[in-house]
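Please read the structure below before turning to the comments.
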Amino acid sequence: MSENYDMIIVGGGPAGMSAAIYGSRSKLKTLVLESKRKTGGQVATYEEMENYPGVPETSAPELMENFRTHAEKFDAEFAKGEVIDIVNNGFEKIVKTKDKEYTAKSVILATGAEPRKLGIKGEEEFKGKGVSYCATCDAEFYEGLEVVVIGNGNSAVEEAIYLTKFADKVTIVVIHEEGVMDAEKLFQERAFANDKIEFFWNSTVEEIKGEGLVDSVVVKNIKTGEKTDFECDGVFFFVGRVPSTDFLENTEIELNDNNYIKANDNMETNIPGIYAAGDVREKVVRQVITAAGDGATAAVMAQSYLEAEEYWQENVVESAKPVIVSFWSPTDNESIETIGKLEELGLEDRGYKMVKIDTYKNKLITDRYNVEEIPTILKIEDGEVKERLVNPMIEDVKEVTIENLEEVKN
Amino acid sequence: MLELNKDNFDEEVLESDGVVLVDFWGENCDLCLDLMPDVEDLAEEYGDDVKFCKLNIKGNRRLAMGQQVLGLPSIVLYKDGEKKEHLSGEDVDRDAIEEAIKELI
């Protein structure tokens, strides 16, 4: 099977799979690269899914299964592979995994985010011995035991509630004032109503202690400075997330200070043909539905990029004849008039190729050639701009086309 | 890979000479399932020097906890019945396991 794709999507969560649905449905040869065995991203590790519109009764893993089935219905391909680098060679991009290389004309980065590590004393030492980042993986161990959950966002509170199905007691350590949590009101209410859940307010965990296995955590009240040695059998960390962007270290793709990818409303990164979608993108709201929306936008933009670029490569850059490119807009009368006059010159009979670029529709090429005013006419030979005429009189065009041509003949 | 349970754990691991690797895993643990093919791969490569085993924690929770395993995935290496290395968490990958094996053989 060919390793050349129209669109490669890095990451198989809701953003990536939505992009795959849009891409493959538009007949683009589309590949989703997922580093894990199972697609679905962070969502697939949760249980409940109550706010995805139009699907009132589902679970998080089931919804993600349906995303995948939907993408495969339109022939999107899926492969397991962790991407380690992306090389941008203009219209061809090389996507490298540990043991393979793919080429793509467009790339959508949808790698999402992963749990943040706090780096407190004992965290490393007790990994797998009472320190956990995955409730569904480890909850069973804690049947009849007591655990501490650090964090107060949606995942912290949701997973704390899940853990009460196994553990006898779940204590949530919250850094905010009493009664204040970052999680949605709905989750907060459920936590408050759960007999097995207790709280430490104004508090952080400073150290994890034990012998072989976790025995206790040191909880520090940040207001009073008071420290409590609190006995527990396990500690679950849900202290926010960090974007999965380490693999972009050697690329030119712009990240913000927190390593999220910078992209505009059209999901375009600073590199043409490379898009960012979902939790990995710098934005405020990170939900399955917004990730899916990002993915759709990115795929539609990538498709129009591909069309514009393919047209340009084929008709202008690779043209054997010299090309006259007119930048115009159907809403600009002057540009329409100029084009009309241009056509009367009969340049095609004299060996020129005529190409029109609608500046409103084709921003990619318009921006690449720094066209700020219309009409603008470019004469391009062998892919290089030989003449640039901004707002030209028709005589000017004649001069650089017909007269120039006769000169060459003589 | 040898499947372990309550009945054969002591005999196959704790009373066994040489290096034994135990892959503690669970059906709800995606990371474990991701890691399993890599461990099977290593079993092909180092099978002559290391006894490769796996333990599904379902029904064997106490056994795992007795080995101080309270989180998945956990890869534990024993030499002559003595626990030598316990790798766990998201960072455990093929390379980390291979390194640990090389240190013991």
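Worth pointing out:
- The modelled label-to-label distance between A:E211 and A:D229, using points 7 Å beyond Cα along the C-beta direction, is 1.2 nm.
- Cα principal axis extents for region A:154-228, largest first, Å: 35, 30, 19
- Mean-square fluctuations from a GNM of chain A, with a 10 angstrom spring cutoff on Cα atoms, peak among A:G295, A:G40, A:G144 at A:G144.
- Among beta bridges that DSSP assigns inside region A:131-237, antiparallel share in %, nearest 5: 45 percent
- Exceedance of the 31 Å cut-off in Cα-Cα distance is limited, within the set A:K196/B:K58; A:K29/A:K283; A:K96/A:K379; A:K38/B:K79; A:K96/B:K79; A:K96/A:K363, to A:K96/A:K379; A:K38/B:K79; A:K96/B:K79.
- Estimated FRET transfer efficiency when R0 is 41 angstrom, pair A:D168-A:R37 (beta carbons, to 0.05): 0.80
- Cα-based Rg and Dmax for region A:86-170, where Dmax is the largest Cα-Cα distance (Å): 19.7, 59
- Pairwise centroid distance, computed over Cα atoms, of region A:11-81 with region A:306-356, Å: 41 Å
- Candidates A:K27, A:K262, A:K398, ranked by Gaussian network fluctuation over chain A, Cα under 10 Å, top entry: A:K398
- Per residue, the convex hull spanned by the alpha carbons of chain B comes to 85 Å³.
- Take every DSSP beta bridge whose two residues both sit in chain A; close to 50 percent of them are antiparallel.
- Charge context of A:K98, other residues only, Cβ under 13 angstrom, K/R +1, D/E -1: -3
- The calculated 222 nm mean residue ellipticity attributable to helices in chain A amounts to -7500 deg cm²/dmol, summing -39500 (n - 2.57) over DSSP H runs of n ≥ 4 and dividing by all residues.
- For the options A:V173, A:V87, A:V55, a Gaussian network treatment of chain A with springs between C-alpha atoms closer than 10 Å singles out A:V55 as fluctuating the most.
- All Cα-Cα distances of region A:182-294, cut into 10 Å bins from zero to the largest, leave 11, 27, 24, 24, 14, 1 percent in each bin in turn.
- The reciprocal of the average 1/r between distinct C-alpha atoms defines the Kirkwood hydrodynamic radius, which for region A:320-401 equals 12.6 Å.
- Amide H to amide H distances under 5 Å link A:E198 with A:V170, A:T171, A:I172, where only residues 5 or more positions off or on other chains count and H is placed in the peptide plane.
- Cysteines of chain A lacking any other cysteine Cβ under 4.7 Å from their own Cβ: A:C232.
- Cα gyration tensor, region A:8-79 - rounded (a/c under 1.5), prolate or oblate: oblate
- Its convex hull of Cα atoms gives chain A a direction-averaged projected area, equal to a quarter of the hull surface, of 25.8 nm².
- Distance between the modelled labels on B:E45 and A:T58, one decimal in nanometres: 4.0 nm (7 Å Cα→Cβ projection).
- Volume per residue of the convex hull around the Cα atoms, evaluated for region A:287-350, comes out as 97 Å³.
- Summarising the label geometry, the points placed 7 Å from Cα in the beta-carbon direction at A:Q287 and A:E143 lie 3.7 nm from one another.
Quick note: the coordinates plus some simple rules give every number you see, no bench work behind them. Since we're looking at a predicted model, the values are computed, not measured. So basically every Cβ, Gly included, is an ideal-geometry build from the backbone, and we count neighbours across all protein chains shown.
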